[in-house]
Amino acid sequence: MLLPLLLLAPGDELVAASFDPPALQVFDVPTGALERTLGFGSPLAGTLGATIGPDGLLYVASEATNEVLRFEPSSGAWIDAFVTDDPNTTVDETGGLDGPSGVLFGPDGRLYVGSFNGDSVLAYDGRSGAFDAVFVQSAAGGLNGPDSGMAFGPDGSLYVPSYWNRRVKRYDGSTGAFIDNFLTPATSGLRNPWAVFFPGDGTVLATSEGSDEVLRFDAATGAFLDVFIGDDPATPGDESGGLDGPTGIVRTPDGTWWVASVNTDDIKRYASDGASLGTPIAAGSGGLATPVHLVLRPRTTPGCAGSPNSAGAGAALVARGSTSVSADDFALELSFAPPQQLVVAVQGTAGPPMPAGDGAICLSGALFRRAVATTDARGHAMAAIDLASPQVPAAAIVAGSTWSFQAAYRDPAGPGSTGFNFSASLGATFGP
């Protein structure tokens, strides 16, 4: 059973992290065509987890160098080593990071990094990369090999795959204290879990590398439900499509699943019910080998940078969700703005920077106010964009249209006298 490709959302990109040789490949969704390779000139070695940060940059665990590196995903340029040890000092500025695996930003704005060899999770300042604290202490709750697909769940807890003892462990999302062994092999056959994924339907999926399966559990209780993707030994043929060592997993806006198969060096695709839909990204595509983590990002282009504000160097804006009109999940995330201040998302066409407030507006033509929010205590806000925009028909977003976005925000203590400023801008072309 194949789904028509036009149901997929052009405009989304799949970033695949390859462990050895270390590489970051960017593929088109839905075609699976290679678009570009990132990482040239960087010290990347032993690629593991990756995530899109609040500044729109790609953060990647480099296991062999004990670093977290940053890349600009649109151009592929290596930016810097965000978490790294300065060899010219006697102090380890990483806080003892040993074999970074999973990387993700928490609801508090900090960067959380799994230390695979240290059996711990470390927390870093989300803006500077400076070491903040050991969040999950070494071997807390029996943690043994925290892997790259850890995630914050809908309950705010941190879920960490414990690779060597075949469990997914749950920790308090505020303190890092051990809560329980949330997923276990007792009834599910879970072996060497690599990643967990909460689809929002009351379930949680776990990739089970050792059993060549993707298993499904109840998201509230951890009770085993079924083998979501796998080969049924009682029937002829391999219903999994040859899945061998599942690691990274993402869901695209059409509801299909893309799973990295590390032992076959490819990426496989599955229907919403787990049925195999083939292998859209074959082994060797752009040098793809040993894929271990997948990141889905909307295809956006960076515009102008945010101007300095009272909170620091400038506010960043990044897109979340997808650029699929049918999925209708496009949202804007503002970070590094002043806390507890009013924010207005503005939509228009890209234009040259023009002075406005304490910064610059980088939109031209007719401007539309699309959403209003308030930043939290750390200067963060989310704004869902209603693509249909019945209140402002001229601002409706349809397939094939290209728009740019920026956020205006109040800043009474800003560097100027106007009391407001603008974030960085970004552009996006929307698909079906």
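The values are calculated or read from the model by the stated rules, or taken from the named source; none is laboratory data. This structure is a prediction, so every number in the text was calculated from the model and none was measured. So basically every Cβ, Gly included, is an ideal-geometry build from the backbone, and we count neighbours across all protein chains shown. What goes into the accessible areas is simple: the full protein's heavy atoms, side chains included, and nothing from ligands, DNA or RNA. Shrake-Rupley method; radii C 1.70, N 1.55, O 1.52, S 1.80 Å.
Sparse packing (at most 15 other Cβ atoms within 10 Å of the Cβ) combined with a DSSP loop state is found for the following chymotrypsin sites (Phe, Trp or Tyr not before Pro) in segment 34-90: 40.
A cut-off of 5 Å between modelled amide H atoms, ignoring neighbours fewer than 5 places along the same chain, links residue 266 with 261. A probe of 1.4 angstrom, applied to the heavy atoms of all protein chains, finds residue 164 with accessible area near 150 square angstrom.
Among 286, 99, 156, the largest mean-square fluctuation in a Gaussian network model of the chain (Cα springs under 10 Å) belongs to 156.
Extension gain for residue 282 to residue 31 (0.36 nm times residue separation, less C-alpha to C-alpha distance): 89.2 nm. Helical runs (DSSP H, four residues minimum) scored at -39500 (n - 2.57) apiece and divided by the length of the chain put the mean residue ellipticity at 222 nm at 0 deg cm²/dmol. For semi-axes √(5λ) of the Cα gyration tensor in Å, computed directly from the structure shown, the correct entry in (i) 43, 24, 20; (ii) 35, 27, 20; (iii) 55, 27, 22 is (ii). Computed from backbone phi, the HN-Hα couplings of segment 266-274 come to 9, 10, 10, 10, 9, 6, 4, 9, x Hz, rounded to whole numbers (Karplus: 6.51 cos²θ - 1.76 cosθ + 1.60, θ = phi - 60°; Gly and Pro given as x). How much of the DSSP beta bridge set in the chain is antiparallel, as a percent to the nearest 5? If I count the DSSP bridges inside the chain, around 95 percent turn out antiparallel.
Summing +1 for each Lys or Arg and -1 for each Asp or Glu among the other residues whose beta-carbon sits under 15 angstrom from that of residue 404 gives +3.
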